[in-house]
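Take a look at the structure below.
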């Protein structure tokens with residue numbers, strides 16, 4: 001019986017397993033997850049932090065018997081190495097799993113910056129359900145919270161923390177917020193918006209050290225003092241000491257909780273001796289095949305080939321993970337039956353939509369522009385609106401927007417379609433706000449023309 005092994009119990013792993021089961025009812029399928037939890041979505045953790053969902057609401061499948069009903073085995077362990085020749089995965093439990101096909105869908109993990117005091121009690125990442133439980137204990141109303149990092153994930157975490165009523169400071173080493181998603185004007189506008197909402201933002205700043213602040217009262221002691229309750233009457237035994245965070249700008253910030261959101265990287269260390277080609281992630285072709293026969297990759301850990309740009313790309317967003325998992329599963333079945341891979345990934349979209357304390361911003365495609373390309377932008381600071389367009393010839397290849405909620409779909413459509421704008425490029429260069437008209441004139445017209453051509457051929 002063919003055995004398909006999937007490393008990773010996140011969205012990519014789950015979707016791949018379900019696709020495999022649909023296509024191969026009799027095959028053996030095993031998912032290996034390294035957390036002692038039911039399969040869950042990390043994207044749901046912010047909703048857990050603000051109380052919109054219970055822990056069960058983060059689970060990818062609500063029926064606790066879902067995988068058992070599909071005869072999909074779940075193993076709680078960490079992959080330690082892969083032997084391509086023997087087609088075996090060594091697990092942290094000491095056991096080996098032999099496979100016919102293997103999907104690497106191990107996702108990513110937080111970067112641990114080399115800062116003195118990062119291992120102090122009260123310093124946490126916000127990546128797992130275990131992290132969320134610890135944060136909910138400490139991030140109480142009035143708590144002093146310092147967050148390191150204001151990238152895409154960091155801003156999502158910041159939104160949840162602000163909703164919990166904490167006194168929040170954010171430190172970003174880049175010269176602006178979300179520097180890998182937004183240009184200078186847009187990133188600065190987001191920072192100004194957050195400051196106006198009561199969040200202290202430090203950009204162009206690093207955390208240099210974290211240390212215990214023994215002479216500063218903790219949150220429970222401060223609340224007790226306000227309520228006239230003695231220290232002996234507050235349950236502070238399990239609470240970490242307050243922290244003193246030293247910044248590169250000369251400031252020192254007192255905190256009850258420090259959250260590290262300084263970025264993530266693919267979980268691929270266990271492949272170091274496997275011979276499987278890796279760069280930033282596991283390198284794949286457009287059919288999600290790695291350099292090893294029968295081994296595929298999908299999701300945040302995959303550096304997949306993008307047919308549009310002709311390059312390999314890590315794009316850690318859930319829609320990409322889902323599509324890559326589906327395609328990988330189809331091709332795993334093909335491989336198991338000795339067939340050529342039949343499913344192909346057409347592109348690896350670069351898509352980000354972010355809600356930062358009520359301010360919507362977007363980034364699509366090659367938002368930083370291309371060599372030899374043209375750029376135009378328009379900004380209304382008073383209305384917190386900004387639009388930046390990047391062209392390659394007469395094709396819109398990327399954009400940033402802040403506050404343009406009515407045209408998000410149009411922006412994405414223009415970038416995704418790669419439609420030739422013709423005379424509309426000059427219109428957009430003169431007035432970028434004419435994006436809706438350009439979309440209707442170019443993208444929709446092109447679609448109607450293609451449909452008419454198809455009809456004639458039929």
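Read-outs throughout are calculated quantities, based only on the coordinates presented, and are distinct from any laboratory measurement. Everything numeric in this text was worked out from a predicted model, so none of it was measured. Methodologically, a virtual Cβ is constructed for each residue, glycine included, from the backbone with ideal geometry; neighbour enumeration extends over all protein chains shown.
Brief remarks follow.
- Sorted from greatest to least, the principal axis extents spanned by the alpha carbons of segment 282-384 come out as 61, 35, 19 Å.
- Volume in Å³ per residue [convex hull over Cα atoms, computed for segment 331-383]: 141
- Percent of Cα pairs exceeding the 15 Å cut-off, where the set is segment 49-93: 65
- Expressed as a fraction of 2.2 N^0.38 Å, the value expected for a compact globular protein of N residues, the C-alpha radius of gyration of segment 1-160 is 1.20.
- Of the peptides 178-185, 283-290, the order by per-residue mean of other Cβ atoms within 10 Å, starting with the highest, comes out as 283-290, 178-185.
- With 10 Å bins from 0: P(r) over segment 4-80, alpha-carbon pairs, percent: 19, 49, 26, 6, 0
- Taking the convex hull of the alpha carbon positions in the chain and averaging its projected area over all directions gives 26.6 nm².
- Taking the centroid of alpha carbons for each part, segment 390-404 and segment 17-90 are 38 Å apart.
- Mean shadow area of segment 359-442, taken as a quarter of the surface of its Cα convex hull (nm²): 4.9
- Relative contact order [Cα under 8 Å, 6+ residues apart], the chain, whole percent: 14
- Per residue, the average separation of C-alpha pairs within less than 8 Å and at least 6 apart gives segment 1-67 a relative contact order of 31 percent.
- Remark: C-alpha extents of segment 83-124 on the principal axes read 44, 20, 15 Å, sorted largest to smallest.
- Value at 222 nm in deg cm²/dmol, rounded to 500, when DSSP H runs of n ≥ 4 in the chain each add -39,500 (n - 2.57): -7500 deg cm²/dmol
- Normalised contact order of segment 358-457, rounded percent, pairs of Cα under 8 Å and 6 or more residues apart: 25
- DSSP bridge orientation in the chain - percent antiparallel, rounded to nearest 5: 60
- Scaling against 2.2 N^0.38 Å puts the C-alpha radius of gyration of segment 96-191 at 1.34.
- Rounded to 5, percent antiparallel among DSSP beta bridges of segment 1-108: 35
- Sequence ranges 429-438, 117-126, 383-392, ranked by mean other-Cβ count within 10 angstrom, highest first: 383-392, 117-126, 429-438
- Exposure proxy order (Cβ contacts within 10 Å, fewest to most) of 37, 159, 406, 303: 406, 37, 159, 303
- Centroid-to-centroid separation of segment 289-331 and segment 111-161 [C-alpha atoms, Å]: 30
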